[in-house]
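Visitor: Supplied in structure tokens, the structure appears directly below.
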Amino acid sequence: MPGHDDSDRAHRAFEPIVRALSSVAPLIHVESNTTKDMAAQEKIEMAPETVFVDMSNLSAGTYVLDEYHSYVDFSVRHILAKSKGKFDKVSGSVVVTPGDVTKTQINIVIDAKSVNTGNKDRDAHIQDSTFFYSEKFPTITYVSNAVEKTANGYVAKGELTMKGVTKKVDLPFSYLGDGKTPMGTDFAAFEGS
């Protein structure tokens, strides 16, 4: 585009990813060990979306994102239509500090090469040097340094790094609940908005 260089385009490319991370949704499911019993986990009932659940009683520890129930999706308006996509490979953790929710740490790592819009040509274009430049910058990361309680949930204060550029990003989220699967695995569930 006239008047825009590649760095401007790359920075504009942050916006859909910020929205995607802001909607790390509809579910980031985390668990405290590597047991992956999907059938058992799908039987767990979560709090309804309209209910605020206070996470101050969540057990301290490190919760690892469950690869089967975690995803980041996005929607970008392009020539009047919306193009949707997701990342097929997302990992990370939520570290809960005993008795102090504000010190909760969220770490998300997205494999930039796993972008999937349902169109291989578009995916290849998104991965080139104009946008993600995934050959040189294979991951997109989000690391929070604080969590604040809000009237209807929480907001993580952190940094999003993409294509070697780091920006401060607030990530609103809700805590949906926690418990044990029938197999005895501890879990907690979160949803971005």
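Rule-based calculations on the coordinates, nothing more; no lab input. Note that the coordinates shown come from a computational prediction; the quantities given were computed from them, not determined experimentally. Reconstructed Cβ throughout: ideal geometry from the backbone, glycine too, with neighbour counts over all protein chains shown.
Visitor: Along the charge dipole of segment 64-139, pointing to its positive end and built from +1/-1 on Cβ of Lys, Arg, Asp and Glu, which listed residue (Val109, Ala124, Val94) has its Cα farthest out?
Guide: Value: Ala124.
Visitor: Here's something else I'd like to know. Would you mind checking Lys84/Lys157; Lys89/Lys167; Lys86/Lys149; Lys82/Lys113; Lys84/Lys113 for any pair whose Cα atoms are more than 19 angstrom apart?
Guide: Correct reply: Lys84/Lys157; Lys89/Lys167; Lys86/Lys149; Lys82/Lys113.
Visitor: Would you kindly derive the ³J(HN,Hα) couplings of segment 167-181 from the backbone phi angles with the Karplus curve 6.51 cos²θ - 1.76 cosθ + 1.60 (θ = phi - 60°), listing them in order in whole Hz, with x for Gly and Pro?
Guide: Along segment 167-181, the couplings run 10, 6, 9, 8, 10, x, 8, 10, 9, 8, x, 8, x, 10, 6 Hz.
Visitor: How big is the gap, in Å, between the Cα center of segment 126-193 and the Cα center of segment 99-118?
Guide: Each part reduced to its Cα centre gives a spacing of 3 Å.
Visitor: Turning to a different aspect of this structure: Which of the trypsin sites (Lys or Arg not before Pro) across segment 133-193 are loop residues per DSSP, with 10 or fewer other Cβ within 10 Å?
Guide: Lys136
Visitor: Then there's this: Determine the principal axes of the Cα atoms in segment 109-180, then give the extent along each, sorted from largest to smallest and rounded to whole angstroms.
Guide: 42, 28, 22
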